[in-house]
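The values are calculated or read from the model by the stated rules, or taken from the named source; none is laboratory data. Since this is a predicted model, take the numbers as computed values, not measurements. Cβ placement follows ideal geometry from the backbone for every residue including glycine, while neighbour counts extend to all protein chains displayed.
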Amino acid sequence: MNLFLRSQLGFKSSTSYPIMLLAKTSAQPIEVLTIETFYEYISKVKNMHNHRLLKQALKVGCKL
C-alpha cells in the first residue's frame with residue numbers, strides 16, 4: 001500500500017511514509033497538535049471559577 005501511494009503521489013521509495021503524508025496533506029505533526037491541545041485545555045481551566053477542583057489543582061501545581 002505504501003509503495004502504491006508513493007508512486008501515485010510522486011515520491012521516491014526512500015521517503016518515509018509520515019513525511020510523505022505531512023507534505024501532501026499539509027497536516028501538522030502530532031507534537032504540534034498535542035501542544036496546541038494542551039494550551040487550549042490550560043486556557044479553559046484558567047477561565048473556570050475558583051471553586052472548581054481543576055482550577056485549584058492547577059494553582060497548586062503552578063506553585064511547585
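Residue count for segment 45-62, restricted to those that are basic (Lys, Arg) and outside any helix (DSSP H, G or I): 1.
Yes or no, residue by residue, for (1) more than 15 Å from the chain's Cα centre (by Cα); (2) more than 30 Å from residue 58 (Cβ to Cβ); (3) at pLDDT 75 or above; (4) part of a loop (DSSP other than H, G, I, E, B):
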{"position": "4", "(1), (2), (3), (4)": "yes, yes, no, no"}
{"position": "7", "(1), (2), (3), (4)": "yes, yes, no, no"}
{"position": "11", "(1), (2), (3), (4)": "yes, yes, no, yes"}
{"position": "15", "(1), (2), (3), (4)": "yes, yes, no, yes"}
{"position": "20", "(1), (2), (3), (4)": "yes, yes, no, no"}
{"position": "24", "(1), (2), (3), (4)": "yes, yes, no, no"}
{"position": "36", "(1), (2), (3), (4)": "no, no, yes, no"}
{"position": "39", "(1), (2), (3), (4)": "no, no, yes, no"}
{"position": "43", "(1), (2), (3), (4)": "yes, no, yes, no"}
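Looking across segment 29-49, just one residue is of a type in the set (Lys, Arg) and touching a Lys or Arg at 6+ places or on another chain (Cβ under 9 Å), and that is 46. Annotation note: Cβ proximity below 8 Å between a residue of segment 18-42 that is farther than 28 Å from residue 8 by Cβ and a residue that is at pLDDT 75 or above and part of a helix (DSSP H, G or I) (sequence gap 6+ or interchain) occurs for 42/58.
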